[in-house]
1. From the Cα gyration tensor of the range 28-83, with a ≥ b ≥ c the square roots of its eigenvalues, which class applies: rounded if a/c is under 1.5, or else prolate if a/b is larger than b/c, or else oblate?
2. Once fully extended, how much extra length lies between residue 33 and residue 46, figured as 0.36 nm per residue of separation less the alpha-carbon to alpha-carbon distance?
3. So if R0 is 41 Å, what FRET efficiency would residue 26 and residue 87 give, r being the distance between their Cβ atoms, rounded to the nearest 0.05?
């Protein structure tokens, strides 16, 4: 396991913990959802919002969910506008039959 994967929960994702329990608790390993970096880039404190209940239930967690929803809607809008622009630019060539 890469070192960064255990940073969120160092006591739970450690190999010592795995040896004691007989298994690795994968729910505590970072899965790179990127919320922890998206938040501070937008003025919200960082945290593991998807995996840590404390951060997920905080005001910051709500702010991150709202931000991601807005970003998703904005991306969808841009994609739809892009598709519409491509359709307008298409050149229709006559068929071999002259139609």
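1. Since a/c reaches 1.5 and a/b is larger than b/c, the shape of the range 28-83 is classed as prolate.
2. Taking 0.36 nm per residue and subtracting the Cα distance, the gain is 3.4 nm.
3. Values: r = 45 Å, r/R0 = 1.09.
Computed FRET efficiency for residue 26 and residue 87 comes out at 0.40.
Quick note: the coordinates plus some simple rules give every number you see, no bench work behind them. Here the structure is a predicted model, which means the values were calculated and not measured. Quick reminder, even Gly has a Cβ in these numbers, built from the backbone with ideal geometry, and neighbours come from all protein chains shown.
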